[in-house]
Amino acid sequence: MLRIGMLTSGGDCQALNAAMRGVVKGVFSKRDDVEIYGFQDGYKGLIYSNFKMLTSKDFSGILTRGGTILGTSRQPFKLMRVPDENGVDKVEAMKHTYHKLNLDCIVILGGNGTHKTANLLREEGLDVITLPKTIDNDLWGTDMTFGFQSAVDIATDTIDRIHTTATSHSRVFIIEVMGHKVGYVTLYAGIAGGADIILLPEIPYDIDVITDVIDKRAAAGKPFTILAVAEGAISKEDAQLTKKEYKTKLAKRQFPSIAYELEQQIQEKTNKEVRITVPGHTQRGGTPCAYDRVFATRVGAAAAELILNKEYGYMIAMRNNEVVKVPLGEVAGKLKYVDPEASIIKEAKLTGISFGDE
Ligand code: F6P
């Protein structure tokens, strides 16, 4: 008997179900004696032994379904070693559940924080395989994460729709795109949607550069401007602060998010009408795009192969469009940022996009 645990952890995204379907289809194509234990709501399910026994039938018809059939939750890594309110040692509890169910391995789908815990479980002796999910595309060790392309499509569609109103009303529009630390979704959606200004956490902006772009566009007969702004966009001034100082400043900020702060500054300096659109969690919702379905199916099937070969301790990644396995120890705790020196930034600048930096 092959006993496989499975859980999805962290913020949901598109193609989680597609990836799990890939794993299950792959395993059942070679063996019939398989039991699937689906842990509910991420690591919580493993900690509190909350699981459903699933059959291959449960993974049929879910290729296109958004969300996750297992549910998910955020379990901050830094609290993993802190006992819960009833004194339960979470790491010991997860190990206990794993051994009690006599699992051969556990497949964990998640992003950055999830990978830190997955690696911790590996270090504690559990057989773990992970799959790279997150709309943020910020996981080290893989060119892409599933969810990313779907989120880019949604954010692009938002920018496309805003373009028409921005043009009709000669307004400045700020579209705030998800991504607190890393700006991949903003960068790609911004270019795809024809944004005039793209602000990323990795490239601090100067408000005067931004208002200068808006004024110059107006003088050139282009009275509207579209800004694609990442949630974590930061000014040059704030980028000088220590992490702690910036956190304190954010806690006192009178605006709900960066878009609102920029709105006030731009309105004051340009005297133009500014509007904000925040697509928010729509970027993580709905059916996965075709690319993500293919990607998730491929990495899911590759995970199945590793399980059948009893090869554990890896994240399945995509590099140069090839599916590869990366040791979990290499992945955990590292973020993949947009490189301000990357050619995509230079190409975007060549087409007239401003990053608010120069
Ligand atoms: O990590 C994915 C992500 O969607 C980020 O881009 C976003 O900042 C965050 O999650 C939102 O988290 P939550 O769903 O917990 O509000």
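The values are calculated or read from the model by the stated rules, or taken from the named source; none is laboratory data. None of these values were measured; they are calculated from a predicted model. Using ideal geometry, Cβ is built from the backbone for each residue, glycine included, and neighbour counts are taken over all protein chains shown. Accessible surface is based on the protein model in full, side chains and every heavy atom, while ligands, DNA and RNA are left aside. Shrake-Rupley method; radii C 1.70, N 1.55, O 1.52, S 1.80 Å.
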Number of Lys-Lys pairs in the stretch 238-358 under 27 Å by Cα, sequence gap 8 or more or different chains? 23
Candidates per GluC sites (Glu not before Pro) in the stretch 232-308, loop by DSSP, up to 15 other Cβ within 10 Å: Glu273
For the stretch 1-84, the spread of Cα positions along each principal axis, largest first, Å: 41, 30, 16
Note: the stretch 222-358, point scatterers on Cα, Debye, no solvent; log10 I/I(0) at q = 0.14 Å⁻¹ equals -1.01
Provide Rg and Dmax in Å for the stretch 29-183, with only Cα atoms included in the calculation. 19.6, 64
When only Cα pairs under 8 Å and 6 or more residues apart are kept, what is the percent relative contact order across the stretch 148-284? 35 percent
Report, in debye and to the nearest 20, how large the dipole of the chain comes out about its Cα centre when Lys and Arg carry +1 and Asp and Glu carry -1 on their Cβ. 680 debye
Once the other residues with Cβ under 11 Å from the Cβ of Leu120 are scored (Lys, Arg +1; Asp, Glu -1), what is the net sum? +3
Relative to the present Cα-Cα distance, how much length would full extension add between Ala219 and Leu350 at 0.36 nm per residue of separation? 45.1 nm
Using the heavy atoms of the protein chains and a 1.4 angstrom probe, tell me the accessible area per residue for the stretch 1-67 in square angstrom. 38 Å²
Where q = 0.07, 0.12 Å⁻¹, what log10 of I(q)/I(0) comes from the Debye formula for the chain, counting one point per Cα? -0.34, -0.87
Can you pull the percent of the chain's accessible area that's carbon plus sulfur, 1.4 Å probe, other chains left in place? 49 percent
Per-residue [θ]222 nm for the chain (sum of -39500 (n - 2.57) over DSSP H runs n ≥ 4, rounded to 500): -12000 deg cm²/dmol
Convex hull over the alpha-carbon atoms of the stretch 148-284: what's its volume per residue in Å³? 98 Å³
Give the calculated FRET efficiency between Thr248 and Lys78 to the nearest 0.05, with a Förster radius of 25 Å applied to their Cβ-Cβ distance. 0.85
Could you tell me what percent of the DSSP beta bridges with both partners in the stretch 148-284 are antiparallel, to the nearest 5? 5 percent
For the residue pair Glu123 and Lys30, what label-to-label distance in nm results when each label sits 7 Å from Cα along the Cα-to-beta-carbon direction? 3.0 nm
